[in-house]
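The values are calculated or read from the model by the stated rules, or taken from the named source; none is laboratory data. Just so we're clear, the structure is a prediction, and the values are computed from it rather than from any experiment. Methodologically, a virtual Cβ is constructed for each residue, glycine included, from the backbone with ideal geometry; neighbour enumeration extends over all protein chains shown.
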Amino acid sequence: MEEPVQAEAPLCEIVEAQGHLIDSHIMERIFDSVVEFGGRFEVEQFSIGRTNSEPSSLRLRVEAPSEEQMERMLTQLLALGCMPVDSGDAELKAAEKDRCAPEDFYSTTNQRTLVRSRGQWLPVRNQRMDAMIVVRDGVASCRRLRDIKAGDPIVTGMKGIRVVPEAKERDRSSFAFMSNEISSERQVETAVAQTASIMEHVRNEGKKIVAVAGPVVVHTGGCEGMSRLIRNGWIDVLLAGNALAVHDIEAALWGTSLGVRTADGRLEEHGHRNHMRAINAIYQDGGIRQAVESGRLRTGVMFECVKANIPFVLAGSLRDDGPLPGVITDMNEAQDAYAAHLQNAGVVLCLSSMLHSIAVGNMLPAWVKIVCVDINPAVPTKVSDRGTGQAVGVVTDVGLFLELLAAKLHAQ
């Protein structure tokens, strides 16, 4: 008689997490993740923080039926702030050649991350999603795949990694609205007041306010509101594409946007050529700054940037006409320029530009807030779906939003 085949014992790990686990709904997500991957859990220890600043702590025993499911489960749990107990130092492997990471590299999130090296927890610098972590000379930093060099010591596997998810504000202050809810029911006046409050808070902290804007800002009559924000010192950096600058300059020189009069919405005769006339005019002067200095360009968003000495980056695309002088057509170079100006950002205003908003969201750590304004609710949804959980969607006309925001900040 054959002996019955005994089932393999389930794999087991002990994990711990700390933070505002209840307020931020992290604990329920931890439990759901274990069940999702066919596992089981047992709470070995749990203590609740008794004050706004005191964190809760959780110690959990998790089981999975196979190594593959355990690995997938731990990957998910790690992103939620769970860390295997006594995992030791992070495992490092050297890159064999440029732009090639070891197969089992750790892929970063936009959450605060620490790695353990020689018994010390090192905060990861330049935090961003979809990067690798390089540890060299006691410093850990995020590195994009294209920036990996042969010999770089890269974190692999999941040992010795700690992720600290952003916590929801316990005091429900004016900053607590910065969750990833997206609703057209939110009154625009309320969203404007809350955004203004955030901008004031960021300014008091000495951090930058960055605007990411699309040409819809011009089409909807938002140039004046945007110009007032720049003129009054409420925008520190402008990131945009060729189209915003072209149509802003077209509006400033000929009063049209894509050949439509901004004053009354009527088609201008032969107006379809005005955007090309705008590009031609800037080439004649040698660039946007030169057009301001010559007196040709006297109003508009780009004019205000030059007059206030506000840095701007114009990233090109395949569809651009011209493009204008100064537009960066190399995508890697444009990404680098965006990333450099996003350093020390406190809040980013994404104004009706889906592609640029998603790109910027991918570059930011989770503690930098994003206000994504668009008449189409699909745009802030896409920004959030890319993993940018710190984004809040304001579904409204961007021209109206900018007008109200400029007036609100001017009145305060």
Q: Scan region 56-68 residue by residue and report those that are out of contact with any helix residue (DSSP H, G or I) (no Cβ under 9 Å at 6 or more places or on another chain) and without any contact (Cβ under 8 Å) to a residue 40 or more places away in the chain.
A: Glu68
Q: Could you tell me whether region 21-35 includes any residue that is touching a residue at least 40 places away in the same chain (Cβ under 8 Å), among the small types (Gly, Ala, Ser), under 17 Å from Met158 (Cα atoms) and touching a helix residue (DSSP H, G or I) at 6+ places or on another chain (Cβ under 8 Å)?
A: yes
(Q) For Ala334, only one of the following conditions fails: (1) assigned to a helix (DSSP H, G or I); (2) within 19 Å of Lys207 (Cα to Cα); (3) of a type outside the set (S, T, N, Q). What is its number? (A) (2)
(Q) Every residue in region 257-284 that is at pLDDT 95 or above, more than 13 Å from Asp321 (Cβ to Cβ) and of a type in the set (A, V, I, L, M), please. (A) Ala281
Q.
Condition first: closer than 19 Å to Glu16 by Cβ, out of contact with any Gly (no Cβ under 9 Å at 6 or more places or on another chain) and polar (S, T, N, Q). Now tell me which residues in region 27-74 satisfy that.
A. Gln45, Ser47
Q.
Which count do you get for residues in region 191-245 that are polar (S, T, N, Q), out of contact with any helix residue (DSSP H, G or I) (no Cβ under 8 Å at 6 or more places or on another chain) and within 27 Å of Arg289 (Cα to Cα)?
A. 1
Q: Identify, from the list Gly322, Gly326, Gly393, Gly346, the residue that is assigned by TED's automatic domain parsing to the domain that holds Ala211, small (Gly, Ala, Ser), touching a Gly at 6+ places or on another chain (Cβ under 7 Å) and not in a helix (DSSP H, G or I).
A: Gly326
Q | Pairs with Cβ under 7 Å, 6+ apart, first in region 249-260 and in the same structural domain as Thr220 (by TED's automatic domain parsing), second assigned to a strand (DSSP E or B) and of a type in the set (Lys, Arg) | A | Gly255/Arg261
(Q) Which numbered condition in (1) more than 20 Å from Thr220 (Cα to Cα); (2) surrounded by fewer than 13 Cβ atoms within 10 Å (Cβ to Cβ) is the only one that Leu267 fails? (A) (1)
Q: For Glu103, indicate whether it is assigned by TED's automatic domain parsing to the domain that holds Val134, free of Cβ contacts under 8 Å to residues at least 24 places away in the same chain and either loosely packed, with under 15 Cβ neighbours inside 10 Å or in contact with a Leu (Cβ under 7 Å, 6 or more places away or on another chain) (or both).
A: yes
Q: Go through region 208-219 and give me each residue that's farther than 17 Å from Val379 by Cα and crowded, with 21+ Cβ neighbours inside 10 Å.
A: Val210, Val218
